[in-house]
Amino acid sequence: MSNIHIDKDGFWRRIKSLYSAWNKASENDPLGKMDALVIAMGQDEEVVYSKTTSMQTWLFGYELADTVILLCEKYIYVLASKKKVEFIKQIEAGKENENGLPGVKLLMRDKGDKDKANFGKLIEGIKKSKKGKTIGEFPKDKFPGEFMDAWRSALKGSGLEKVDVSGPVAIVMSPKEDSELKTIQKACTATCDVFSKYLKEQIMEVIDADKKVKHSKLADGVEQALKNKKYVPAGVDASQLDMCYPAIIQSGGKYSLKFSTVSSDESLHFGTIICCMGLRYKSYCSNIVRTLMVDPTDKMQKDYEFLLEVEDEILKKLQPGVKLSAVYDGAVSFVKSKRPELLDKMTKSIGFGMGIEFREGAMLITGKSNVTVKKGMVFNVNVGFSDLENKDSKDKQGKTYALFIGDTALVTEGSAAAVLTNAKKRMKYVGIFLKDEDEDEEEEDEEEEKPAQPELLGRGRRNAVLENRTRPDATTEEKRIKHQKELAQRLNEEARERIRGLKGGGDEKKMRKSNVSYKTLSHLPNESEIRELKLFVDKKYETIILPIFGLPTPFHISTVKNISHSVEGDYTYLRINFFHPGSALGKDGNTFPQADATFLKEITYRSSNTKEPGELYAPSLNLNTACRLIKEVQKKFKTREQEEKEKEGIVKQDALIVNPNRGNPKLKDLYIRPNIVSKRISGSLEAHSNGFRFTSVRGDKVDVLYNNIKHAFFQPCDGEMIILLHFHLKHAILFGKKKHIDVQFYTEVGEITTDLGKHQHMHDRDDLRAEQAEREMRQKLKSAFKNFCEKVESLTKNEVEFDTPFRELGFHGAPFRSTVLLQPTSGCVVNFTEWPPFVISLDEVELIHFERVSFQIKNFDIVFVFKDYHKKVAMVNSVPMQVLENVKEWLNSCDLRYTEGVQSLNWTKIMKTITDDPEGFFDNGGWSFLDPESEDEGDDEDDEEDEEFNPSDEFSGSGEESSDDYSEEESDWEEEEDSDEEDLGSSEESGKDWDELEEEARRADMEQEYGIEEEPRSKTKHKHKHSSSSSSKHRSPHKSPHKSSHKSSHKSPHKSSHKSSHSSRDKDRHSSPKKRKHSSGDSSRDKKKKKR
């Protein structure tokens, strides 16, 4: 047990809470009556739940057989074997006698006198604790064995009184810590996955195939499913997963709504089917109860919907400070007020506390329980109605039915209890509606008997044809939209419940590592430089010692930000900058453990370069040496820190069990990506008992264990130049001094590069032979890889299953720098050909958003938002618009919610907003802000604003008035240009580009310098056509008398052409007609002529 560690802080924290409850207990309370608590465990592997084993697991994290633990007022006594004593020694030193915590005394078992002396010491310790008369015990825990018999006889002879403290101890243990809640959450996730992916699917298959399967056989299959990787969620260690109780399947009119029931050997009846199951993970329990109904009547559906309302009412009442009896009374009054006829049929208990023990007897939700609910408690809420009648049933077994629903719930502050088991329970998910073949035939006959529609003539006939053509497409689209709306509702509900369940386990802020140079003064080096108050660099302790105010002061190298060294005249300067609160700490954003302390920001030393008589070296040598050594030590420290950072998050893998058998599945001449060293090296991949081992030609080894593989892929060489096996891992592994989550083994097929200088001829025999050889090699490699995959699947009993991408469903996109072919698989979307690889697990994706979806743009972007909102979103750019419908159809078939929009969103800010206040985000509608309907509404508002524009009266006059206005404007042209220099820049508003402006400026220079006047008429007209087309979408739809002046060339002395953009026209319309300015490229030329 030397490799096993105890959570010392957790042990003392829980001991403190237990002793605190003991000291505060009144004399009438069993805890107040006891003088010491005895926790004694013997040998009995058949006992699954007991208060003794629960206490040991709660305190130590493990069960300790043949061990007596005695909690006294001032000491904790532990009597155990040598190995167990060595294990418990971890908590012996540390926190005893601090804040009133007891000390620890360890006693080693002595088989010589059968522990009589040890028992005497324990009884003596009891008599010294408080009054020394009464011991607290768990009377239901009666373990067999010689050791326990001897202990019980020793207690009997001591004359000590006994009191049952099972209930009070259970209440002390009931509020769960964050670490416990995370474990329970994983247990609940595993329970839901096994139920949804295995048990429910098995029942559906039995019903579809109309098979006869016993209840007991279905229940036994659930336990076997725990060993199958595809039913266990990622992040859950299957080896630590166990059943809380054998799964219970009931149907056929015989129902018992208790968890002590055993599944019968009768066949499954296709009526009302009640399923109860719960999984334990690391000793913590979870539970789920669901009722499946085959072709339920309206009355049955109504009763079931009411049962869900009752459960919701219980969850609302289950809040901190409420007594469990009040929760029960609230549920009873709710049923009495809504459906009084169901009150007698309701279960007498509607739940119980749950944790390490499946059922806490002291925490039943009944009318007699006086336990007060506290935050962090976990309950198994279950309620049902039995002996209900179904008069419409065709068979005798279906005449009587029962309804039962149950979930694992967590008590939270200020809101209803959060449901941790999120398996769907609404009627549409648990109702199974069958359709008889006779009904299908009748529907087909009805369709055939429908009278033919009379033929339409003229335009009506044409419309009918077009409508028939588009009808199938419209129906598919409507189905897809309807399905997406259902997914949107489910998405927000499930995300809210998931966040509520995980609210307790937030990420802690990363603190900057605090390095200590010298723990004691004796470690300070006794060097002459320190005594002479010079700068000294201690390489051993990675510390620089600086003289400050006449005292040598040590600074660890991690506190140094940077140094600068300079020589100015006769002096050398050394400036040292330090890290301090407010300075940039890089991308990690670390914080200082003591931000309120006093920090040194920078310090500068100056030393003379002049050597005094009698001196061997100039004083500045010390600064030069210190500068060089500081840089060396800093470089060494940063390198080591970087290596430690790479090792962070690395989960220690089990050792590879090498199978010496020569018949192991093996592939030779493979390359590994990423490379072990800078150059790629070939090697062989071999499958062993519990993992793969890649051995390179120079002896490097990389092990990939089966239980660490999240997804395994085999990509054949069809249409590719490489054939490969790819492993996407659960936890990163370390090789080549870096950690990697993706490992790939591949070999090249044919020539990746082609010699273009080589003579090519379609009938060249050598080329034909080479192509034939390449085809044969492809087939050979494909066969070898396929055989390897099949052998591995057989060897691992399908623990490792290879998935192959669907190339025909692939689409191009750029997840990183280059555009690649992205291919869907059964549960992922992947690209392996280019490195780095792109692997997205669809079960981790919350929703998909399409950006820049517009008919004017050829490409759009895909954004994958993960269920873990702290994880950065994945983005695929430049996906061709032609594949949009195919991608939508694929995502819809995978039950994934997708949205689309015209704009690109700032996802970093969006995700930060969600993680800062997830409750507020979902209260405001959650992901509904991405719905296209909200964007359409915004567009409609913009259109309405545009339509509200009406031209003013001054623009609605006759053509004569407009021509008069124009002549007045021409007369004032020169004056306005002289008075307003700023209008020269208005050419940017009028839509001119730089080439046009430069061309006009060139013509003006030609006229000024050589007196040559170019005729720009034809070019100008051409330019006007171009600009009008480019700015057509900005032009107002209203006709204006001045429109012609902006679209054509005007005959004027300056031969200038006038045009205006939307913004300049609006500006002109609101100004006086006499002061309108027309800016063009030729105006600059006119102005230069005037000045000349």
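The values are calculated or read from the model by the stated rules, or taken from the named source; none is laboratory data. Please read all numbers here as calculations on a predicted model, not as lab measurements. Note that each Cβ is placed from the backbone with ideal geometry, even for glycine, and that neighbours are counted across all protein chains shown. Protein only, heavy atoms only, side chains kept; ligands, DNA and RNA dropped before computing areas. Shrake-Rupley method; radii C 1.70, N 1.55, O 1.52, S 1.80 Å.
Structure data summary
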| quantity | calculated |
| --- | --- |
| In nm, spacing of pseudo-spin labels at R769 and K82 (7 Å Cα→C-beta vector) | 7.6 |
| Surface per residue (accessible, 1.4 Å probe) for the stretch 15-168, Å² | 51 |
| From the C-alpha gyration tensor of the stretch 1-147, square roots of 5λ in Å | 22, 19, 16 |
| Pairwise FRET efficiency - K254 versus K142, Cβ, R0 = 30 Å, nearest 0.05 | 0.30 |
| For the stretch 278-349: accessible area per residue (Å², 1.4 Å) | 40 |
| Extension gain, R575 back to E844 (0.36 nm per residue minus Cα-Cα distance, nm) | 91.8 nm |
| Set K534/K601; K519/K601; K8/K737; K679/K738 screened for pairs whose C-alpha atoms are more than 25 Å apart | K8/K737 |
| Compactness of the stretch 111-267 as Cα Rg over 2.2 N^0.38 Å, two decimals | 1.59 |
| Listed residue pairs exceeding 28 Å between alpha carbons, taken from K176/K317; K428/K912; K186/K424; K51/K121 | K428/K912 |
| Formal net charge of residues neighbouring K140 (Cβ-Cβ distance under 15 Å; K, R +1; D, E -1) | -2 |
| Theoretical gain in end-to-end length, H812 to Q882 [0.36 nm per residue, Cα-Cα removed] | 24.1 nm |
| Accessible area of K424 in the full protein assembly, 1.4 Å probe (Å², nearest 10) | 80 |
| Rounded Å value of the spacing that divides the Cα centres of the stretch 394-420 and the stretch 890-934 | 31 |
| Within-13-Å neighbourhood charge of D312 [Cβ basis; K, R +1; D, E -1] | -2 |
| Relative contact order [Cα under 8 Å, 6+ residues apart], the stretch 141-297, whole percent | 23 |
| Cα-centred dipole magnitude for the stretch 775-830, charges only on beta-carbon of K, R (+1) and D, E (-1), debye, nearest 20 | 340 |
| Potential extension, Y75-K130 segment - 0.36 nm per residue separation minus Cα distance | 18.6 nm |
| Estimated FRET transfer efficiency when R0 is 51 angstrom, pair D237-F599 (beta carbons, to 0.05) | 0.70 |
| Distance in nm between pseudo-label sites at K791 and S158 (7 Å out along the Cβ direction from Cα) | 6.4 |
| Relative contact order %, the stretch 534-585, counting alpha carbon pairs below 8 Å whose residues are six or more apart | 22 |
| Distance (nanometres) between label positions extended 7 Å along Cα→Cβ at E644 and T610 | 4.6 |
| Cβ-placed point charges (K, R +1; D, E -1), dipole of the stretch 364-411 about Cα centre in debye, nearest 20 | 180 |
| Electrostatic dipole magnitude of the stretch 670-713 [Cβ: Lys, Arg +1; Asp, Glu -1; Cα centre; debye, to 20] | 200 |
| Inter-centroid distance (Cα atoms) of the stretch 654-702 relative to the stretch 796-858, Å | 27 |
| Fraction of accessible area attributable to carbon and sulfur, the stretch 791-887 (%, probe 1.4 Å) | 51 |
| Computed FRET value (nearest 0.05) for N515 with K730, which takes r as the C-beta separation and R₀ as 35 Å | 0.60 |
| Sum of side-chain charges, K368 neighbourhood, beta-carbon under 12 Å (Lys, Arg +1; Asp, Glu -1) | +1 |
